[in-house]
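Please treat every number below as a calculation from the coordinates, not as lab data. What you are looking at is a predicted structure, and each value in this text was computed from that prediction instead of being measured. Cβ sites come from the backbone with ideal geometry, for glycine too, and all protein chains shown count toward neighbours.
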Amino acid sequence: MNKQQILNEILSGRSLIPAEESVQVFAPSNIALVKYWGKRNSELNLPETDSLSVTLPHCGTTTRLSLSAENQDKIIFNHSAMDKSTEFSVKLSSFLDLFRPKNTFFHVETESNIPIDAGLASSASGFAACVRAVDKFFKWNLSNIELSLLARLGSGSACRSIWDGFVIWRRGEHEYGMDSHGYLMQERWPELRIGLLMVSAAKKQISSRNAMNDTHATSILYHAWPEQVKQDMQHMEKAIREKDFILLGKTAENNALAMHATMAAAWPPIVYSHPLTLELMQQIWQLRNEGVAVYFTQDAGANLKLLFLQESTDTIKSRFPEMRIEKLFD
Ligand code: PMV
């Protein structure tokens, strides 16, 4: 089955006739506490392992969708019209091909309140917003699970951006991934905070898509990754169920460092960290030695996301005044 056949199965007879002239939606971004790294099927973004994230409800993408009067898609990102040859437009237009009524083009205006390509999961919120927009545009009323399945076809991590809260993406066993989507965990943790420590907002050297595939293909350490994730998923689910912050922090930090170790062992090597990333890690470890419960996670970029509880906010803020703090459950 290819993407189009999967879409047809999910739509089960729903039409591609626009029901609205224009729609606007928002989808949040998410930060993985146990990472998705490596695919068992790259066309369908089917992962080798489970993963688990927490949603950043105030960071994300707003998308407006209507039909274009021109005979090509018109894509506007953060108020500037994108040339159709940019990577961003090519990716979005080819995803929109799945949902395109015959001989029509889309007008898409999309705004993200997070820097793109900086390892802050902007593609997750972007594809989740796109799927929510088409659902509304055609009035399909798909369930969250169906939206998650569709979002995954755009970008794997997007399948977790359909819910607010802790979301598990089960790898699934089905050959075409009909069971590979997000699930919302019922637990909430209002005291949990994420602090975004920007090291660089520059476009990263290698996309997470390519980095993941290269690691999968060439890194000898990748063989250990599914085992690491299996253990980390158990610990993370327990940490969330029992509100054990130390277990959550330890598991998230170790999982992120293990993911980056698999990349460093790829050839050519993939290293997202900058000197400042390592300096900040040292400072976080120093704070921990001083008794402050703070941990970090790092995605496919140089930036760090700090994990801590509300009670430590002032201490951590005084050490990292430039940090942007996100509440996760309000
Ligand atoms: O969904 P992608 O292709 O943007 O990959 C996301 C990869 C990580 O952010 C590094 C991990 C994750 O689970 O979000």
- Task: Assuming R0 = 35 Å, can you tell me the calculated FRET efficiency for the pair Asn2 and Ala261, based on Cβ-Cβ distance, to the nearest 0.05?
- Result: 0.55
- Message: Taking just the alpha-carbon atoms of segment 11-56, what radius of gyration and Dmax come out, in angstrom?
- Response: 16.2, 40
- Note on the structure: Calculated from DSSP helices alone, with each H run of at least 4 adding -39500 (n - 2.57) and the total divided by the residues of the chain, [θ]222 nm to the nearest 500 comes to -11000 deg cm²/dmol
- Task: Please identify, among Gly249, Gly301, Gly291, the residue showing maximal mean-square fluctuation in a Gaussian network model of the chain using a 10 angstrom Cα cutoff.
- Result: Gly291
- Message: If R₀ is 35 angstrom, what is the calculated FRET efficiency for the pair Gln186 and Thr218, using the beta carbon separation as r and rounding to 0.05?
- Response: 0.30
- About the Cα centre, charge dipole magnitude for segment 162-298 (Lys/Arg +1, Asp/Glu -1 at Cβ), debye: 220
- Cut-off 18 Å (backbone N to label point 7 Å along Cα→Cβ of Ala202), residues of segment 94-116: 115-116
- Can you grab the distance from the C-alpha centre of segment 1-65 to the C-alpha centre of segment 139-215, Å, no decimals? 8
- Using a simple spin-label model with points 7 Å from Cα along the Cα→Cβ vector, what separation in nm is obtained for His79 and Val271? 3.9
- Highest-MSF residue in the chain out of Arg132, Arg171, Arg100 [GNM, Cα springs under 10 Å]: Arg100
- Query: Scanning the chain for helices, which whole DSSP H stretches are 27 Å or more long along the axis (Cα) and average 0.0 or more by Kyte-Doolittle?
  - Reply: 245-264
- Task: Extending each Cα 7 Å along its Cβ direction at Leu11 and Lys327, get the distance between those two points in nm, one decimal.
- Result: 4.1
- Distance (nanometres) between label positions extended 7 Å along Cα→Cβ at Asp179 and Ile246: 3.7
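So which GluC sites (Glu not before Pro) in segment 106-188 end up in coil per DSSP with only 14 or fewer other C-beta atoms within 10 Å? Display every interim value, and only then the final one.
On the way: sites: Glu109, Glu111, Glu146, Glu173, Glu175, Glu187; in loops: Glu173, Glu175, Glu187.
Listed in order of number, the matching sites are Glu173, Glu175, Glu187.
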- Message: On the principal axes of its Cα set, how long, how wide and how thick is the chain? Give whole Å, largest value first.
- Response: 62, 40, 39
